[in-house]
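Okay, so here's the structure we're looking at.
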Amino acid sequence: MRKIFMPALLLVILCAGYLFWSGTAQYTISPEGYPVPRNAVLKKTIPDSAGTIHVYTAPGIHQTDGLKNSSKRQIEKHGWTYAGDLSAGATYMFKKSDGTLLNVSIYEGEFSICQLQK
């Protein structure tokens, strides 16, 4: 029994460590304070009256796939709540408790993030 227990325990620890790493180590905080995939590169910044739009390139991101669940979880970890009623198509809206909105739009090979003023 003991011979099976130790390898099984080690396997559980390794799986838990991988799940933690895959959910956190693949993201970084942008200079604007939003979680973005670690492989994302800032392409351009567009000033707008509603808020500044930050456009990032990211390999492997597709409009038809939408926003990955891991990305949603990372955004929610930073105090935003997914607002499905305001989201449409490849545009995802998140709210903060103070009423601030975060717009995340997915395109082919890139995405944009814009914090909308209250």
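Just a few scattered comments:
- Residues of the stretch 79-93 satisfying the condition of being part of a strand (DSSP E or B) and over 20 Å from A40 (Cα atoms): T81, Y82, A88
- In the stretch 55-77, the residues that are surrounded by 13 or more Cβ atoms within 10 Å (Cβ to Cβ) and basic (K, R): K68, K72, R73
- Scanning the stretch 87-118 for residues that are within 15 Å of Q63 (Cα to Cα) and among the polar types (S, T, N, Q), we see that the one that is surrounded by the fewest Cβ atoms within 10 Å (Cβ to Cβ) is T91.
A quick yes/no check of all residues on (1) over 20 Å from G89 (Cβ atoms); (2) basic (K, R); (3) more than 14 Å from the chain's Cα centre (by Cα):
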site: P31; (1), (2), (3): yes, no, yes
site: P35; (1), (2), (3): yes, no, no
site: L42; (1), (2), (3): yes, no, yes
site: A50; (1), (2), (3): no, no, yes
site: Y56; (1), (2), (3): no, no, no
site: I61; (1), (2), (3): no, no, no
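Throughout, read-outs are computed from the coordinates displayed, never taken from laboratory work. Quantities reported herein were computed from a predicted structural model and do not represent experimental measurements. As a convention, Cβ positions derive from the backbone with ideal geometry for all residues, glycine included, and neighbour counts pool all protein chains shown.
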